Structure formats: structure tokens, C-alpha cells
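This report refers to the structure that appears directly beneath it.
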């Protein structure tokens with residue numbers, strides 16, 4: 001038996017399953033908040049899977065002509081380059097800025113793909129045996145054009161990702177996202193390119209190239225740890241369950257392969273044993289996943305029911321009682337009732353958001369974006385929080401640029417900033433400070449607002465999970481026993497629906513925190529970089 005080839009085949013098969021599994025996981029987990037970034041990422045994974053499968057079948061083909069026909073599917077390399085470039089630019093938020101470069105990648109890649117379809121022998125000729133492979137790529141006279149195009153495109157999108165990584169603040173979640181995606185791609189290219197050497201008759205064993213298909217595992221880690229595609233708790237759990245089934249499926253596949261191998265040695269072994277066992281194992285795995293999914297849905301709807309009935313009734317009574325008390329109080333005593341009214345309205349808004357929490361992954365929060373003068377929102381928030389900050393003896397300052405227009409929903413932006421300011425107040429002790437700063441970034445067409453405090457700060461492991469649903473750090477639970485851990489989760493969902501981002505930074509516990517939101521500028525308005 002050709003064991004090097006067997007090892008190579010098994011690794012490529014596993015890599016193919018990983019690529020397909022990652023693509024479908026991302027698409028299913030983001031089906032209600034899908035974007036161009038997630039879509040092109042999934043397409044790039046599927047394109048890689050097509051390449052892997054064609055390679056696997058082509059090198060094991062029965063003859064040279066069939067091998068060449070199958071390996072011609074390697075033309076999908078053009079689409080790997082196209083989709084990876086598109087999703088890289090979407091991931092770092094530079095599609096609009098780099099639209100002409102992206103257009104050039106699409107046009108050149110599709111043109112070359114079409115050319116090689118009409119002139120296939122310019123790409124590959126009949127396969128020949130090389131090293132331990134029964135058949136391997138035999139390049140045509142213009143095969144090098146595809147390799148050169150791929151190298152240029154790869155250098156371009158790597159440069160863009162590295163630049164984005166360098167401009168992010170140290171320790172931010174976004175920087176960690178960029179880091180793991182960058183590592184995954186470096187891993188893929190470092191191993192994957194070793195297969196090209198043997199194509200050009202450089203006798204280097206391409207066994208390592210079989211490992212390149214495992215690169216999505218690094219991206220999966222980034223998805224689970226840093227929510228690269230805004231995939232939430234249940235989706236993460238579902239992925240773990242699906243990965244378990246995938247692992248079981250791979251074991252079954254290998255077992256079936258070995259079973260067939262031993263049957264050739266011992267024909268007396270029954271052929272039906274392995275399929276029956278495989279069916280039972282897969283059915284059990286599927287039932288387990290379904291039960292876990294059902295438990296999650298039941299828990300979610302039970303929580304929403306409690307919120308609806310238990311929160312709204314006392315809030316309505318508070319509102320009614322305050323209005324009645326206000327009628328009999330003299331005008332100079334009504335200041336306190338106005339504070340109660342304001343707090344009651346905020347609680348009502350929060351309750352309504354909680355009731356719609358089940359829609360957070362759907363279109364329930366979506367509104368058509370409109371041009372907003374963000375300085376108006378900041379001015380309203382400043383007026384709203386001056387008195388509460390004074391009462392807590394916290395220094396409060398708001399720095400803003402007047403007449404800056406962003407695209408979004410004014411009510412939701414106001415609510416997001418309320419969440420950040422309420423958190424800052426809750427976790428900043430008396431005598432501390434809360435600063436709201438803002439800045440226009442003309443080059444990246446975004447406006448950033450940062451809420452920085454001198455409060456309890458966060459450890460690194462808390463930073464990684466701070467935007468998860470119902471998550472609260474240990475110090476946060478001690479500082480504010482009434483928090484529920486949903487404010488930042490909702491803020492993240494709301495800002496994402498408006499094409500923005502949110503991230504948190506903290507140098508450590510007891511060293512304060514900073515939350516930054518990035519909102520797309522209205523590019524039709526003129527802005528000055530601050």
C-alpha cells in the first residue's frame with residue numbers, strides 16, 4: 001500500500017470537510033444578520049473545498065486524461081483569490097475605499113478564468129506520475145500566469161489586513177480578530193504553496209500542503225473567542241455539537257475505509273456492519289443536537305415571558321403614581337418627580353428592548369439608515385447625564401465635533417450611548433471621571449465615539465466575553481448586583497445593524513475601561529478630520 005499517498009488523501013479529505021463545515025456553519029449562524037463579508041468568506045471556503053476535492057480526485061484518477069480533466073477544476077483558484085480579497089476588505093471595513101482595486105481583482109480573475117476555459121491546454125496538459133503520486137499536475141505554457149496573479153492578489157490583501165492590524169489599538173478585540181485571521185491565512189499560504197513546487201518539477205515532497213486545509217480551524221477559534229462574524233452563544237454551542245458530529249463522521253469514514261481494506265484481506269467479514277453502526281451513531285448525535293437546540297429556545301422564550309409580565313406592570317404603576325403625586329406637589333418640588341419620570345422612561349425603553357431580545361438576531365432591530373447630526377445626540381446625552389453625574393460626584397465631560405453627519409438610526413444610537421454611559425456610571429466610584437470623546441476619520445469614512453472611565457476596569461478574559469449575552473464579569477457582579485448582562489449585547493447588535501462596530505479596551509482591573517463605537521459617515525456630506 002502507498003502509505004504516503006494514503007496519509008496525504010486522509011488529510012486532504014479532512015481539510016475538505018473542515019472547509020465545507022466552516023462555510024455552512026458561518027452561513028447558518030448568521031442567516032438573520034448576514035453581510036457581504038460572511039457571504040464572501042463562505043464562498044471562499046467552498047472554493048477551497050472545490051480545489052481540495054478536485055486535487056484529491058485528480059491525483060487518484062485512473063488515467064492521465066481523466067486526471068487532467070479533474071485537475072482543471074483548479075481554475076477555482078481564481079475565485080479563491082477573488083472571494084478572499086472581497087471578504088478581507090469587508091472584514092477590515094475597506095470595501096468602499098478599495099472598491100476600484102477590488103473591481104480590478106474581479107475583472108482580471110474572471111477574465112483569466114474565462115481564457116483558460118477556452119484554452120485549457122494553456123493551463124494544464126495530461127498529468128504524469130511524480131514522486132509517490134500516480135498522477136500529478138503537468139503545467140501548460142501559461143500556468144504560471146495563474147500563479148503570478150494569485151501571488152499579486154495575495155500580497156495585496158495581506159498588505160491591507162496588516163495595515164488594519166497596525167492601526168488598531170493594542171489589546172482591542174478587533175486587533176485580536178485581525179491577528180487570528182492573519183495567522184490563519186499565513187498558515188494556509190505557507191503550507192498550501194508547497195504543492196506548487198512539484199508542479200514545476202522541483203522535487204520537494206508536498207506532504208505539508210495537505211495541512212493547509214486546516215486553516216479554517218484558526219478562524220473558527222477566532223469566531224468562538226472573538227466573535228469575528230457576530231455569532232452568538234447558541235450558534236457557538238451548535239458549532240461545537242456540529243463539530244462533534246463531523247468528527248464522528250470522519251471516524252466513520254476512516255473506519256469504513258479500513259473495513260473495506262480488511263475485507264479485501266478477509267472476505268468473510270460482513271459488509272453491512274459498518275453502515276449500521278455509522279447510522280446509529282449519527283442518528284444519536286443528531287438527536288442530541290436537536291434536544292440542546294430545543295432547550296435553548298424554551299429557556300429564551302420563558303425569560304421573555306417573565307420580562308413582559310413582571311416588568312411592565314410595576315412600571316405602569318410607577319408612572320401612574322408619579323403623575324398623581326406631581327399633581328399635588330408645588331412647582332418647586334417637582335424636580336424629583338421629573339427624575340423619576342426620566343428613570344421610568346428609561347426602564348420602559350429597556351423593557352421593550354428586552355421583549356425584542358429574541359429578534360436581536362433577526363431584522364427586528366433594522367431600520368432604513370438616515371443622515372443624523374451626531375452632535376445633536378451627544379448634546380442631548382450631555383444634558384441628560386449632567387445631574388446624575390453631579391449627584392454621584394463623578395467628573396463628566398463630552399467632547400464633540402459639531403455638524404458631523406453619520407448614517408444610522410438616531411433613537412438607537414441614543415440608546416447605545418445610554419447603555420455605555422449607564423455602565424460607566426455603575427462601575428466608576430465617587431470622585432472618578434467619565435469622558436466622552438469623538439473623532440472624524442475621513443480616510444476610513446467613520447466617526448468614532450469613545451466613553452472612557454476611571455472605574456473598575458476589566459481583565460483580559462472579561463474583555464473577550466464582555467459583549468456576550470447575559471455575561472457579567474466577576475468584578476462587575478460585585479460592583480452592581482442588579483445588572484443583567486444584556487446591555488452591551490444589545491448595543492453590539494444595534495450598532496452592527498447600522499454598519500458600525502463596537503469594542504472595549506482596558507489596561508486591567510482597577511485601571512478603567514474605554515468603549516468605542518464606530519459609525520459610518522454620511523459620505524455625501526463634507527467632513528473635516530479632527
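The values are calculated or read from the model by the stated rules, or taken from the named source; none is laboratory data. The model shown is predicted, which means the values in this text are computed figures rather than measured ones. When we count neighbours, we look across all protein chains shown, and the Cβ atoms used for this are built from the backbone with ideal geometry, even at glycine.
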Worksheet item: From the residues in region 153-193 that are in contact with a strand residue (DSSP E or B) (Cβ under 6 Å, 6 or more places away or on another chain) and in a helix (DSSP H, G or I), which one is modelled with the highest pLDDT?
Response: 174
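Specify which of the listed residues (429, 520) is part of a loop (DSSP other than H, G, I, E, B), at pLDDT 80 or above and at negative phi. Walk me through how you get there before you give the answer.
Values: 520 fails: part of a loop (DSSP other than H, G, I, E, B).
Only one candidate qualifies: 429.
From the list 344, 382, pick out the single residue that is under 23 Å from residue 450 (Cα atoms) and modelled with pLDDT of 70 or more. If you could, list the steps in order and put the result at the bottom.
Values: 344 fails: under 23 Å from residue 450 (Cα atoms).
Selected residue: 382, the only one of 344, 382 that is under 23 Å from residue 450 (Cα atoms) and modelled with pLDDT of 70 or more.
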Worksheet entry | Matching residues, region 71-96, being under 21 Å from the mean Cα position of the chain (by Cα) and more than 13 Å from residue 154 (Cα to Cα) | 90, 91, 92, 93, 94, 95, 96
Discussion item. Can you tell me which residue is modelled with the lowest pLDDT among those in region 194-228 that are touching a helix residue (DSSP H, G or I) at 6+ places or on another chain (Cβ under 6 Å), part of a loop (DSSP other than H, G, I, E, B) and closer than 16 Å to residue 22 by Cβ?
Written reply: 228
Worksheet, complete the sentence: Cβ pairs under 7 Å, 6+ apart or interchain, first in region 168-181 and assigned by TED's automatic domain parsing to the domain that holds residue 512 and over 20 Å from residue 511 (Cα atoms), second modelled with pLDDT under 75 and part of a helix (DSSP H, G or I), ordered by first then second residue, are none
Fill in: Residue that is modelled with the highest pLDDT, among those in region 90-101 that are in contact with a helix residue (DSSP H, G or I) (Cβ under 6 Å, 6 or more places away or on another chain) and in a helix (DSSP H, G or I)
90
Discussion item. One residue is enough: does region 110-124 have a residue meeting the conditions under 19 Å from residue 189 (Cβ atoms) and touching a helix residue (DSSP H, G or I) at 6+ places or on another chain (Cβ under 6 Å)?
Written reply: no
Fill in: Given (1) modelled with pLDDT under 85; (2) part of a helix (DSSP H, G or I); (3) surrounded by 14 or more Cβ atoms within 10 Å (Cβ to Cβ), index of the condition residue 361 fails
(2)
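Quick check on this structure: which one of 54, 33, 67, 19 is under 19 Å from residue 185 (Cβ atoms) and either out of contact with any strand residue (DSSP E or B) (no Cβ under 9 Å at 6 or more places or on another chain) or modelled with pLDDT of 90 or more (or both)? Break it down into steps so the answer makes sense when it comes.
Working: 54 fails: under 19 Å from residue 185 (Cβ atoms); 33 fails: under 19 Å from residue 185 (Cβ atoms); 67 fails: under 19 Å from residue 185 (Cβ atoms).
After ruling out the rest, the residue left standing is 19.
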